[in-house]
Amino acid sequence: MNPMAETRLSLRGAWTALVTPFRGGEVDERALREAVEFQIAGGINGLVPCGSTGESSTLTYDEHIRTIQTVVEAARKRVPVLAGAGANSTAEALHLCLASKEVGADGVLVVAPYYNRPSRKGLLLHYRALLDAVDLPLVLYNIPGRTGVNVEPDTVAALAGHPRFAGVKESAGSCDQVSRLLEACGPEFQVLSGDDSLTLPFMSVGAAGVISVLSNVLPKETSLMVRAMLEGRPAAALEIHRRLFPLMRALFVETNPVPVKTALGLLGRCDPFVRPPLAALEDASLAKLKAAMKACGAAG
């Protein structure tokens, strides 16, 4: 294949940022496969293993790739798999991207290099190196609260012409930034919300959907909300948003993915264990989560 061949990936819809379930401290592949089935049955448009929600920062390299492979195998091409493949080293990110392709991922999600806080020039060098070397669609993940750097719209625009650049997962928390991205890159450029509570506001200014934490718990409802917006039924989407908003917020009462894994544990879908340095929810946070789950009809 021509190394610069154009590769398309539609990001429209609701994608799930999958948790990585553990049992006995190890990745629980059975629970992971069951989660994939639950998501697909709920109408989710795509799966995102090994992102922030998947505790990628505490997985070994072998676990990381095996988790992606397990999701690819379980999905069986019914929905695309966008593999988390970011790192604060360009060389390490390249290894993760190439390995993701090897195990069958349909695209890669690459967070801005964290801790380094690279300049605009450094960001462009990082992403261009990956785009040129890996024959997969690449989605840039902008989450300045975790990385220490905001990938500005003009930086994204400098990458947008690359045939393998598929879009942005935007977690800067700003509708203005989404509007600026679409102004800089064109109205057809694909932006996904990285925050459940901002999905509707972002979609109202042109975003294509969401990579969701909430959908781990409520895939059907999340899918219906996003589909309503895409189909031009904002009132129906708003009704779902208002009903689910308490849980959207409660899932971030402490650091993600601690609350969502706790919720899944309460529902019997996986062990709530998170690897250190993450820790179990404090009692006050647990009470808030349980109340929100009850209010949204998600209580076990």
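The values are calculated or read from the model by the stated rules, or taken from the named source; none is laboratory data. Everything quoted here is computed from the prediction, not taken from an experiment. Glycine also receives a Cβ, built like all others from the backbone with ideal geometry; neighbour counts cover every protein chain displayed. For the accessible areas, the whole protein counts, side chains as well, though only heavy atoms, and no ligand, DNA or RNA atoms are used. Shrake-Rupley method; radii C 1.70, N 1.55, O 1.52, S 1.80 Å.
Observations on the model:
- Helices (runs of 4 or more DSSP H) within the stretch 201-300 that include 2 or more residues closer than 21 Å to P49 by Cβ, of a type in the set (V, I, T) and touching a residue at least 12 places away in the same chain (Cβ under 8 Å): 219-230, 258-266
Yes or no, residue by residue, for (1) modelled with pLDDT under 95; (2) exposed (fewer than 15 other Cβ atoms within 10 Å of the Cβ); (3) more than 14 Å from V19 (Cβ to Cβ):
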| site | (1), (2), (3) |
| --- | --- |
| E231 | no, yes, yes |
| T255 | no, yes, no |
| L266 | no, no, no |
| K290 | no, no, yes |
| M293 | no, no, yes |
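- The number of residues in the stretch 1-44 that are open to solvent by less than 40 Å² (accessible area, probe 1.4 Å), of a type in the set (S, T, Y), at pLDDT 95 or above and in a loop (DSSP other than H, G, I, E, B) comes to 1.
- For the stretch 180-200, residues that are small (G, A, S), over 18 Å from the mean Cα position of the chain (by Cα) and not in a helix (DSSP H, G or I) total 1.
- The one condition in (1) modelled with pLDDT under 95; (2) touching an Asp or Glu at 6+ places or on another chain (Cβ under 9 Å) that N88 fails to fulfil: (2)
- Of G265, G297, all but one fail to be out of contact with any His (no Cβ under 6 Å at 6 or more places or on another chain), at positive phi and among the small types (G, A, S); the exception is G297.
- Number of the exception - A166 against (1) part of a strand (DSSP E or B); (2) open to solvent by 20 Å² or more (accessible area, probe 1.4 Å): (2)
- Positions within the stretch 114-172 being small (G, A, S), out of contact with any Leu (no Cβ under 9 Å at 6 or more places or on another chain) and farther than 26 Å from P201 by Cβ, in sequence order: S119, G122, G161
- Scanning the stretch 156-171 for residues that are within 15 Å of V139 (Cβ to Cβ) and aliphatic (A, V, I, L, M) yields V156, L159, A160, A166, V168.
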